[in-house]
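K.L.:
Sharing a structure below in structure tokens format, with a few things to ask.
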Amino acid sequence: MKNIIDHMKWTRQPLDCSITEDRIEITTAPHTDLWQRTYYHFRNDNAPVLQMETEESFFSFVVRTDFTGSHHRFDQCGIVMYLDSDNWLKGSVEYENESYQHLGSVVTNHGYSDWATTAIPADVRTMWYRFSRREDDYCIECSQDGVEFTQMRVCHMWEGAGKIRFGIYACSPEDSSFTAVFTDLRMTECAWKAHDGQQPD
């Protein structure tokens, strides 16, 4: 694929963005987010999402994110697979305060979200992500250099078979705005290899 950006379309468009052949900038609007029900008991479904479609069952998608401008609690940007309001996943760094932020992922199946995180220093301002698919199972990985990736999450998506949409997102759930920068987008063969231990049932 010559340029993945050419194949991406807005699922939900931001108020302000800039797209060139090798760079995407999304300026978030206040009170935008993706979340469904769990714990907080509210539903937010208004974050801008830029995605492409595929029926390919085995692949990886890589992107570099720069969130230098994030400065308010929950400001975030990262990778996403948004199928509909009740079925999606995302991986990102969410700003918390001047000491630390949350590197984590959310998986939403049938209208209920979870949130798995780990704390990282607040001075981390860029992060690479690799999103991999093996049929209807998925893996999210992260990297600070774009070379060595570590696993964040393996999950099953109940509505994740067949044609899917995946890409990038950015949002500011509270009263904030910042510009997220996405570069180095590429598709590769599936880097998440078949399990080499216990055999399938």
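K.L.:
Does at least one position in the range 188-197 carry a residue that is open to solvent by 10 Å² or more (accessible area, probe 1.4 Å), among the hydroxyl-bearing types (Ser, Thr, Tyr) and more than 15 Å from Cys77 (Cβ to Cβ)?
P.N.:
So far as the range 188-197 goes, yes, one or more of its residues are open to solvent by 10 Å² or more (accessible area, probe 1.4 Å), among the hydroxyl-bearing types (Ser, Thr, Tyr) and more than 15 Å from Cys77 (Cβ to Cβ).
K.L.:
Name the residue that is most open to solvent (accessible area, probe 1.4 Å), counting only residues in the range 15-51 that are of a type in the set (Phe, Trp, Tyr) and within 16 Å of Ser105 (Cα to Cα). Can you show your working first?
P.N.:
Of the range 15-51, the ones of a type in the set (Phe, Trp, Tyr) are 35, 39-40, 42.
Filter once more, keeping what is within 16 Å of Ser105 (Cα to Cα): 35, 39.
Working: Trp35: 18, Tyr39: 170 Å².
So the residue we want is Tyr39.
K.L.:
Being outside any strand (DSSP E or B) and surrounded by fewer than 13 Cβ atoms within 10 Å (Cβ to Cβ) is the filter here; which residues of the range 123-173 pass it?
P.N.:
In the first step, residues of the range 123-173 are kept if they are outside any strand (DSSP E or B); the result is 123-125, 135-136, 144-149, 157-163, 173.
Answer for the range 123-173, where residues must be outside any strand (DSSP E or B) and surrounded by fewer than 13 Cβ atoms within 10 Å (Cβ to Cβ): Asp123, Glu135, Asp145, Val147, Glu148, Trp158, Ala161, Gly162, Lys163.
K.L.:
Run Tyr95 past the list (1) surrounded by fewer than 16 Cβ atoms within 10 Å (Cβ to Cβ); (2) without any contact (Cβ under 8 Å) to a residue 60 or more places away in the chain; (3) closer than 18 Å to Pro173 by Cα and report the number of the one that doesn't hold.
P.N.:
With (1) surrounded by fewer than 16 Cβ atoms within 10 Å (Cβ to Cβ); (2) without any contact (Cβ under 8 Å) to a residue 60 or more places away in the chain; (3) closer than 18 Å to Pro173 by Cα applied to Tyr95, the lone miss is (1).
K.L.:
Filtering the range 174-186 down to residues that are open to solvent by 60 Å² or more (accessible area, probe 1.4 Å) and part of a strand (DSSP E or B), which residue is farthest from Asp75 (Cα to Cα)? Reasoning before the result, please.
P.N.:
First, the residues of the range 174-186 that are open to solvent by 60 Å² or more (accessible area, probe 1.4 Å): 175, 184, 186.
Narrowing the set further to residues that are part of a strand (DSSP E or B) leaves 184, 186.
Numbers: Asp184: 21, Arg186: 24 Å.
Applying the filter and picking the extreme gives Arg186.
K.L.:
Turning to a different aspect of this structure: Suppose the filter is more than 23 Å from His41 (Cβ to Cβ), in contact (Cβ under 8 Å) with a residue 12 or more places away in the chain, aliphatic (A, V, I, L, M) and crowded, with 20+ Cβ neighbours inside 10 Å; does Val80 pass it? Explain how you work it out, then say what you get.
P.N.:
Numbers: more than 23 Å from His41 (Cβ to Cβ): no; in contact (Cβ under 8 Å) with a residue 12 or more places away in the chain: yes; aliphatic (A, V, I, L, M): yes; crowded, with 20+ Cβ neighbours inside 10 Å: yes.
So Val80 does not fit the description; no.
K.L.:
Touching a residue at least 24 places away in the same chain (Cβ under 8 Å), over 10 Å from the mean Cα position of the chain (by Cα) and either buried (at least 22 other Cβ atoms within 10 Å of the Cβ) or closer than 15 Å to Tyr169 by Cα (or both) - does that describe any residue in the range 108-122?
P.N.:
Looking through the range 108-122, at least one residue is touching a residue at least 24 places away in the same chain (Cβ under 8 Å), over 10 Å from the mean Cα position of the chain (by Cα) and either buried (at least 22 other Cβ atoms within 10 Å of the Cβ) or closer than 15 Å to Tyr169 by Cα (or both).
K.L.:
Okay, next question. Residue pairs, Cβ under 6 Å, 6 or more apart or interchain, first in the range 190-201 and within 17 Å of Tyr138 (Cα to Cα), second modelled with pLDDT under 95 and open to solvent by 100 Å² or more (accessible area, probe 1.4 Å). List them.
P.N.:
Close Cβ pairs satisfying both conditions: none exist.
K.L.:
Next question, about the same structure. Those residues that are among the basic types (Lys, Arg) and touching a Pro at 6+ places or on another chain (Cβ under 7 Å), I need them from the range 1-35; list them, please.
P.N.:
So the first thing to find is which residues in the range 1-35 are among the basic types (Lys, Arg), and the list is 2, 9, 12, 23.
Within the range 1-35, Arg12 is the sole residue that qualifies.
K.L.:
With (1) touching a Phe, Trp or Tyr at 6+ places or on another chain (Cβ under 8 Å); (2) at pLDDT 95 or above as the list, and Tyr112 as the residue in question, which single condition is left unmet?
P.N.:
(1)
The values are calculated or read from the model by the stated rules, or taken from the named source; none is laboratory data. Worth saying up front: this structure is predicted, and the values here are computed from it rather than measured. Virtual Cβ from ideal backbone geometry, glycine too; neighbours counted across all protein chains shown. Surface accessibility is based on the protein's heavy atoms, side chains included, excluding ligands, DNA and RNA. Shrake-Rupley method; radii C 1.70, N 1.55, O 1.52, S 1.80 Å.
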